[in-house]
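See structure below.
The values are calculated or read from the model by the stated rules, or taken from the named source; none is laboratory data. Everything numeric in this text was worked out from a predicted model, so none of it was measured. Methodologically, a virtual Cβ is constructed for each residue, glycine included, from the backbone with ideal geometry; neighbour enumeration extends over all protein chains shown. Each accessible area value is taken on the protein alone, full model and side chains, heavy atoms only, with ligands, DNA and RNA left out. Shrake-Rupley method; radii C 1.70, N 1.55, O 1.52, S 1.80 Å.
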Amino acid sequence: MIICKFHDYCLILQPMKKVRPKKNLGQHFLIDLNVAKAIADTVDACPDLPVLEVGPGMGVLTQFLMGKPRELKVVEIDRESVAYLHQNFPTLVNKVVEGDFLRMDLEQLFDGKQFVLTGNYPYDISSQIFFKMLENKHLIPCCTGMIQREVAQRIASPPGNKAYGILSILIQAWYDVEYLFTVDEHVFNPPPKVKSAVIRMTRNSVEHLGCNEALFQRVVKTVFNQRRKMLRVSLRQLFPTGATASFFESDIMTRRPEQLSIQEFVDLTNRVEEEMG
């Protein structure tokens with residue numbers, strides 16, 4: 001028997017077999033309560049908004065989020081985890097959304113209201129989660145959580161760094177990024193082969209980049225797919241029928257993509273669009 005105390009009442013729960021981590025879902029369950037509480041507290045920087053947790057598993061992070069004075073929903077794709085949450089967190093019964101976060105219409109989760117996104121994100125889909133965040137940036141003014149350290153470093157990296165790349169630019173264009181702390185492997189079951197990190201991304205004041213945003217993404221992805229080459233080489237694939245010689249003669253074309261700031265990518269996108277006619 002397990003007795004869980006929440007505020008002024010107790011829940012008496014029958015023990016349920018722990019959920020088995022599934023490799024195909026990239027599950028590494030957090031088992032350190034101090035780390036879980038520290039992650040949960042990252043949402044406090046974004047007060048007065050509902051919270052959506054992705055991939056709660058057995059609820060180690062969830063239990064600390066439940067203690068905060070705001071609405072909470074959790075999204076879980078694993079049926080075994082859903083059953084575990086229903087039995088061990090009965091007050092969450094109507095707040096557990098079973099399904100694939102990447103396929104969800106986020107407008108429906110809180111009736112079109114903004115919310116904070118958080119979680120111990122599966123490593124293999126963390127980048128996809130953040131791309132979905134970008135697609136729904138009008139709904140997500142704040143995103144926190146734990147991911148692979150290498151990905152966190154990439155997201156937070158400034159220009160001129162080897163980690164600086166596609167995720168750095170596309171996220172930093174719209175969000176201020178904070179690398180909060182590193183998490184060791186031993187606090188997970190099973191332990192991953194790499195370290196993790198907790199980050200927070202807070203929506204900045206940018207409403208429009210000042211360029212064709214779809215083309216901006218295309219330019220960024222194109223040049224970073226050949227990140228060791230100068231721009232005058234990597235950009236040529238955007239012009240299958242060729243471009244004017246003068247376009248490739250400017251000084252910026254001798255630089256490599258990791259050397260450009262976000263504003264320089266905006267300016268470059270406008271030049272590419274002008275050249276495309």
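Residues in the stretch 194-210 carry Karplus couplings, in order, of 9, 7, 10, 8, 10, 10, 9, 10, 10, 4, 8, 8, 5, 9, 8, 6, x Hz; the curve used is 6.51 cos²θ - 1.76 cosθ + 1.60 with θ = phi - 60°, and Gly or Pro positions show x. The length gained on full extension between residue 276 and residue 80, counted as 0.36 nm times the residue separation minus their Cα-Cα distance, comes to 65.3 nm. For the chain, modelled as a GNM with alpha-carbon contacts under 10 angstrom, which of 48, 78, 111 fluctuates the most? Among 48, 78, 111, the largest GNM mean-square fluctuation belongs to 111.
Phi-derived couplings, Karplus 6.51 cos²θ - 1.76 cosθ + 1.60 at θ = phi - 60°, listed residue by residue for the stretch 171-188: 7, 5, 5, 10, 9, 7, 10, 10, 8, 8, 6, 8, 10, 6, 5, 6, 8, 10 Hz, with x used for Gly and Pro.
Name the residues whose placed amide hydrogens come within less than 5 Å of the amide hydrogen of residue 29, ignoring near sequence neighbours (fewer than 5 apart) on the same chain. Counting only residues 5 or more places away or on other chains, the set is 189.
Between residue 34 and residue 255, the FRET efficiency from the beta-carbon distance, with R0 = 45 Å, is close to 0.50.
A cut-off of 5 Å between modelled amide H atoms, ignoring neighbours fewer than 5 places along the same chain, links residue 180 with 198, 199, 200. Computed from the alpha carbon positions, the gyration tensor of the chain leads to an equivalent ellipsoid with semi-axes of 42, 19, 15 Å, biggest first. Note that the chain presents 50 Å² accessible area per residue, ligands and nucleic acids not counted, probe 1.4 Å. Under 5 Å between amide hydrogens, built in the peptide plane, is the criterion, and for residue 142 it picks out 117, 203 among residues at least 5 positions away or on other chains.
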